[in-house]
Amino acid sequence: MDILIKPLVTEKMTNLAERFNRYGFIVDRRSTKPQIKKAIESLYDVSVDTVNTMVYGGKIKSRFTKSGVISGKTVSYKKAIVTLVEGDSIDFYSNI
């Protein structure tokens, strides 16, 4: 799908999944909350309760090399935190 880019599998998101049944995804910047909800429900066959989104802007980074200072910018992205209905869960590790 074009809406969901990748799931967030970090220690913090795993803790949120265990305690509050919330899962994180990196999504397309142009996607809306109803589109994200529909994509997750169709892909993972679960019922979504709420969708919270946040947009992270890219940061300016610089590093010092032998030939001088190199400046650049990190990628900006949109993150979606999805709360599932009680009893549903997503298993990211089933294909490993």
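The values are calculated or read from the model by the stated rules, or taken from the named source; none is laboratory data. Predicted model only: the values in this text are computed from it and were never measured. Reconstructed Cβ throughout: ideal geometry from the backbone, glycine too, with neighbour counts over all protein chains shown.
One residue alone among VAL27, VAL48, VAL9 is aliphatic (A, V, I, L, M) and exposed (fewer than 15 other Cβ atoms within 10 Å of the Cβ), and that residue is VAL9. Number of residues in the range 57-96 that are more than 17 Å from LYS37 (Cβ to Cβ), more than 19 Å from the chain's Cα centre (by Cα) and of a type in the set (D, E, K, R): the value is 4. Residues in the range 46-96 that are part of a loop (DSSP other than H, G, I, E, B) and closer than 15 Å to SER31 by Cα: SER76 alone.
Here is the figure for the range 58-90: residues that are within 22 Å of MET13 (Cβ to Cβ) and surrounded by 10 or more Cβ atoms within 10 Å (Cβ to Cβ) total 16. Evaluate the following for ARG19: is it closer than 29 Å to SER94 by Cα, of a type in the set (Lys, Arg) and touching a residue at least 12 places away in the same chain (Cβ under 8 Å)? For ARG19, the condition - closer than 29 Å to SER94 by Cα, of a type in the set (Lys, Arg) and touching a residue at least 12 places away in the same chain (Cβ under 8 Å) - is not met.
One residue stands out in the range 17-37 among those that are over 15 Å from TYR77 (Cα atoms) and hydrophobic (A, V, I, L, M, F, W, C): the one that is nearest to the chain's Cα centre (by Cα), namely ALA17.
Being modelled with pLDDT of 95 or more and over 12 Å from the mean Cα position of the chain (by Cα): is that true of THR14 here? For THR14, the condition - modelled with pLDDT of 95 or more and over 12 Å from the mean Cα position of the chain (by Cα) - is not met.
Sub-6 Å Cβ pairs linking a first residue in the range 24-51 that is over 22 Å from GLU11 (Cα atoms) to a second residue that is hydroxyl-bearing (Ser, Thr, Tyr), at least 6 apart or interchain, are ASP49/THR83, ordered by first then second residue.
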